[in-house]
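Structure first, commentary second.
Derivation of every value follows stated rules applied to the coordinates shown; laboratory data play no part. Bear in mind the structure is a predicted one, so any value in this text is a computation, not a measurement. Cβ sites come from the backbone with ideal geometry, for glycine too, and all protein chains shown count toward neighbours.
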């Protein structure tokens with residue numbers, strides 16, 4: 001088996017998550033996200049003053065969203081071992097992971113479109129910015145399904161020596177709950193549930209980071225065991 | 001004379017299994033953070049929050065609290081019955097617990113319905129945003145918890161509930177008590193805090 005390749009995929013996922021952070025923070029200056037209550041002129045001024053940073057940061061997001069896919073596939077390899085011979089939750093996890101990251105790619109393109117011709121009227125830039133952030137934070141429900149479907153096989157694992165520790169399954173359920181309220185962003189322009197809010201953005205982002213870290217650790221642990229000569 | 005072997009010290013018993021507490025304590029931690037966010041926003045605008053809070057129906061809040069506390073009592077007794085090997089009695093008690101949970105949902109529907117009919121909705125002001133969102137997130141927990149109780153009921157009705165039966169009952173029961181506990185704090189913070 002290609003255990004080393006799987007381990008490399010797990011590391012690529014961690015590197016991609018770091019790249020997402022680099023794109024968002026020093027390049028796009030979107031960490032914290034732009035305030036949805038900003039005036040139209042203020043939003044347009046931000047795009048005009050940092051057009052190149054936003055476009056290059058967007059490319060980082062594109063690379064990051066592409067780079068987490070091998071991570072999910074490596075995780076899927078472990079999930080199939082847990083639920084063998086079924087593939088039900090593995091397939092659910094993979095398809096919902098893709099569905100969860102497509103909006104990130106679209107958000108990146110919307111930010112880049114706004115920065116592509118920053119001389120456009122302020123209102124148009126604001127529409128693209130709104131659409132971008134709503135795409136970026138709003139579609140949290142595929143993420144909920146992805147996180148839950150990474151929990152079920154862990155908890156239902158019938159192997160004598162479980163592939164992942166059971167607490168990882170419960171931790172995955174917990175992150176699924178925390179990631180969910182992001183879907184309400186279109187209802188709010190300020191406060192903790194807006195797209196820059198404490199609960200819809202920060203709690204969800206930290207929950208995703210915790211999920212990545214825990215599942216990377218569990219995956220690496222399982223792979224090192226598989227590599228050990230029997 | 002035979003040397004008497006001292007009985008082994010009773011190892012600390014963790015209800016359910018250790019892992020389920022990652023979820024339960026994690027959820028309690030998350031709600032604590034939510035309440036901290038609420039209190040920070042409240043501190044910036046105490047007058048608005050107090051005026052808005054006065055419009056909440058304490059009667060509904062009290063009824064909700066009574067329903068959940070009663071359901072928790074039924075669940076606790078169901079766990080005791082399961083430990084004693086009386087799975088049928090557990091099943092009966094779980095039905096009562098589920099009925100209380102259903103009552104909570106109906107009462108919440110009436111409470112929200114009356115608020116919406118009087119023109120108070122999600123974006124009326126900051127207080128009501130918190131009110132609808134937090135009670136809504138809690139309601140999702142009630143629904144998940146009722147799903148857990150339904151699973152426990154199905155397990156209790158099996159001819160052979162299995163070796164893990166008592167641990168499953170304890171873990172599921174602990175989750176329901178957490179849903180109850182969060183409501184009690186939510187009730188205090190939203191309906192009673194002055």
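Note down the relative contact order for the stretch B:20-192 as a percent, whole number, built from C-alpha pairs under 8 angstrom at least six residues apart.
Working: 138 pairs, mean separation 57.5, N = 173.
Relative CO of the stretch B:20-192 lands at 33 percent.
Normalise the Cα radius of gyration of chain B by 2.2 N^0.38 Å (N = residues in it) and let me know the number. Working shown, then result.
Details: Rg = 20.4 Å, N = 194, 2.2 N^0.38 = 16.3 Å.
So chain B has a normalised radius of gyration of 1.25.
Please provide three numbers in whole Å: the alpha-carbon extents of the protein assembly as shown along the principal axes, with the largest listed first.
Ordered largest first, the protein assembly as shown gives principal extents of 95, 67, 39 Å.
Any chance you could check the Cα centroid distance between the stretch B:61-97 and the stretch B:110-157 for me, in angstrom?
21 Å
Using the alpha-carbon atoms, what tilt in degrees (0 to 90, nearest 10) does helix A:166-179 show relative to the longest principal axis of chain A?
Orientation of helix A:166-179: about 20 degrees from the principal axis.
For a footprinting-style exposure proxy, rank A:12, A:46 by other Cβ within 10 Å, fewest first.
Least to most surrounded, the residues fall as A:12, A:46.
Counting each DSSP H run of 4 or more residues in the protein assembly as shown as -39500 (n - 2.57), what helix-only mean residue ellipticity at 222 nm follows after dividing by all residues, to the nearest 500 deg cm²/dmol?
Working: 15 runs with 304 residues, N = 424.
Roughly -24500 deg cm²/dmol at 222 nm, from the helical runs in the protein assembly as shown.
What angle, in degrees between 0 and 90 and rounded to the nearest 10, separates the Cα long axis of helix A:40-49 from the longest principal axis of the Cα atoms of chain A?
Once rounded, one gets 70 degrees.
Jot down the radius of gyration and Dmax of the stretch A:3-225, Cα atoms only, both in angstrom.
18.5, 64
Hey, rough spin-label estimate for residue B:194 and residue B:76, points 7 angstrom out along Cα→Cβ, what's it come to in nanometres?
The modelled label-to-label distance comes out at 2.9 nm.
So how much slack lies between residue A:18 and residue A:228, counting 0.36 nm per residue of separation and subtracting their Cα-Cα distance, in nm? Before the final figure, lay out each step's value.
Numbers: separation 210, 0.36 × 210 = 75.60 nm, distance 2.94 nm.
Stretched out fully, the residue A:18 to residue A:228 stretch lengthens by 72.7 nm.
Can you compute the modelled spin-label distance between residue B:17 and residue A:45, with each label point 7 Å from Cα toward Cβ, in nm?
5.7 nm
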